[in-house]
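Here's the structure, in structure tokens; my notes come after.
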Amino acid sequence: MPSCELGYIPERLHENDKPIISTFTVGEELYYRCKPEVIEDPYKTQSIAELSHNRSGTGQSISLPNDVLYSIKVDEDFETYVDKVVCTLVIRDLTPDNRYDKWFEQDKNGRVVCANIQLIHVPETCMYPHCVFRIWLDGVLVTMDNYKTTLGKVNEIRNRLRFEIASMIYNKEVSQAISFSDI
Amino acid sequence: MTEHLTFLKMETELGQSQLFGQEYEHLLSRNLGNTHPGLHSELNDLFNNILCEHVGLTDFQKAMLFNLLFAFSEIREKIDPSRLSPFQYYTNEDDELVFFRKTHKGVIHIVINPEDCIAYSYIGVDKKRILKFYHNHNQEEFEGLAYKFFI
């Protein structure tokens, strides 16, 4: 396993041999790094694909809010994002097996298209607490590379997913149970 | 209103001509000028500004934008005009045209997608969440949408 070579990242955040924690806990916090204007208007998130957060852990702390401001990209010539702020989301409820795993559907030209969004712990070498909201469309993982040909083609589902993420940011909570009405 | 939509449709169809599209676009844009029948002058200016600032809007988005601003224009006579001012608009990386308004109760968005539909969303500080799609694009629908956006 490669070791973190960014000297400014505290040792406690290094992945080293720590395990992936596949479940989450009600009350656990997620830390999201964003531009200040996103707090005001949560629709201004850059992308809904691969939305990164840090998890706090519960009981034993995995990370602190400001840790998410560290740059972990070797090609960036700065240590912290000074122009970004931290948005803290609290996990309110989860599936019975302690995951966030939601489904959305859209009827498109007589065919039902399904999207699935999950919160997953994806440790980085220099950032063990790193998590992502990952999206699948009809079983295909949505990435920045295929975004235009997947989510870019299904307006309703894309709107539903953005609404879900915007709601999380605005209400500062992650909820498996909360849905939305259309009236 | 109807005349303008007919014009937009004609402009679109002629503009797509492979041989003479550019010439038609030039001619029609010259004739269109800066006035759009039915829109209050402020909203007329807004319509022109949005078209100038966001040149990549699809024909669907242009038509929906006009319908929306026409509805704004209609309801401004029925509600406090000051309510029409505090909103923002922008396009995002999904080429959606987004209208945003913040109130003490929450945030409201109207998303005009590049095609198919418009989405209205409301996220309340009380955690109330509303997401509604509009597919019919008739004037009653836009008037309802305009009221939802401002009230």
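Key figures
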quantity	calculated
Charge context of A:Ile117, other residues only, Cβ under 15 angstrom, K/R +1, D/E -1	0
5 Å-binned pair-distance histogram of segment B:89-151 (Cα, whole percent)	4, 17, 27, 26, 17, 7, 1
Percent accessible area from carbon and sulfur atoms, segment B:55-151, protein chains only, probe 1.4 Å	49 percent
Residues of type aspartates and glutamates that A:Lys44 reaches as a straight line, Cα spacing below 12 Å, ignoring anything fewer than 8 places off in the same chain	B:Glu93, B:Asp94, B:Glu96
Burial of 20 Å² or greater, segment A:31-45 residues [accessible area, probe 1.4 Å, versus chain by itself]	A:Glu40, A:Asp41, A:Tyr43, A:Lys44
Potential extension, A:Thr80-A:Cys114 segment - 0.36 nm per residue separation minus Cα distance	8.5 nm
Zero-based 10 Å bins, Cα pair distances in the protein assembly as shown, whole percents	5, 22, 29, 22, 13, 7, 2
Relative contact order (percent, whole number), chain A, Cα cutoff 8 Å, 6+ residue spacing	28 percent
Protein accessible surface hidden between A and B, which excludes ligands and nucleic acids, total in Å², probe 1.4 Å	2700 Å²
Percentage relative contact order, segment A:94-158, counting C-alpha pairs under 8 Å, at least six apart	24 percent
Euclidean distance of C-alpha centroids, segment B:46-112 and segment A:11-66, integer Å	33 Å
Violating pairs (Cα-Cα greater than 24 angstrom) within the set A:Lys102/B:Lys128; A:Lys73/A:Lys102; A:Lys84/B:Lys128	A:Lys73/A:Lys102; A:Lys84/B:Lys128
Across chain A: Cys residues that no other cysteine approaches within a C-beta distance under 4.7 Å	A:Cys34, A:Cys87, A:Cys114, A:Cys131
Surface accessible to a 1.4 Å probe, A:Thr125 within the full protein complex, Å²	40 Å²
³J(HN,Hα) computed for each position of segment B:128-143 - Karplus, 6.51 cos²θ - 1.76 cosθ + 1.60, integer Hz, glycine/proline x	5, 10, 10, 9, 9, 9, 10, 10, 7, 6, 8, 5, 4, 5, 5, 5
Residues of type aspartates and glutamates that B:Lys102 reaches as a straight line, Cα spacing below 13 Å, ignoring anything fewer than 8 places off in the same chain	A:Glu37, A:Glu40, A:Asp41
In order through segment A:121-134: 3J(HN,Hα) via Karplus (6.51 cos²θ - 1.76 cosθ + 1.60), integer Hz, x for Gly, Pro	7, 10, x, 9, 3, 9, 8, 4, x, 4, 10, 9, 8, 10
Residue-averaged [θ]222 nm for the protein assembly as shown, counting only DSSP H segments that reach four residues, each worth -39500 (n - 2.57)	-8500 deg cm²/dmol
Formal net charge of residues neighbouring B:Ser121 (Cβ-Cβ distance under 9 Å; K, R +1; D, E -1)	+3
Where chain A is the region considered: accessible area per residue in Å², 1.4 Å probe	48 Å²
Three semi-axes of the equivalent ellipsoid, segment A:9-146, Cα gyration tensor, whole Å, largest first	27, 19, 15
Threshold 50 Å², segment B:87-129 residues less accessible with all protein chains present than alone (1.4 Å probe)	B:Tyr90, B:Glu93, B:Asp94, B:Lys102, B:Ile123, B:Lys127, B:Arg129
Amide H partners (placed H, <5 Å) of A:Glu173, local residues excluded	A:Val90
Nearest-0.05 FRET efficiency for B:Asn138 and A:Thr25, computed from C-beta distance (R0 51 Å)	0.60
Amide H within-cut-off set for A:Met127, under 5 Å, with H built and near neighbours excluded	A:Glu15
Cα long-axis angle, helix A:155-171 against chain A (0 to 90 degrees, to the nearest 10)	50 degrees
With DNA, RNA and ligands ignored, accessible area of A:Asp83 (1.4 Å probe; Å², nearest 10)	100 Å²
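The values are calculated or read from the model by the stated rules, or taken from the named source; none is laboratory data. Everything quoted here is computed from the prediction, not taken from an experiment. Heads up, the Cβs are rebuilt from the backbone with ideal geometry, glycines too, and the neighbour counts pull from every protein chain shown. The protein model used for the area step is the full one, side chains on, heavy atoms only, and it has no ligands, DNA or RNA in it. Shrake-Rupley method; radii C 1.70, N 1.55, O 1.52, S 1.80 Å.
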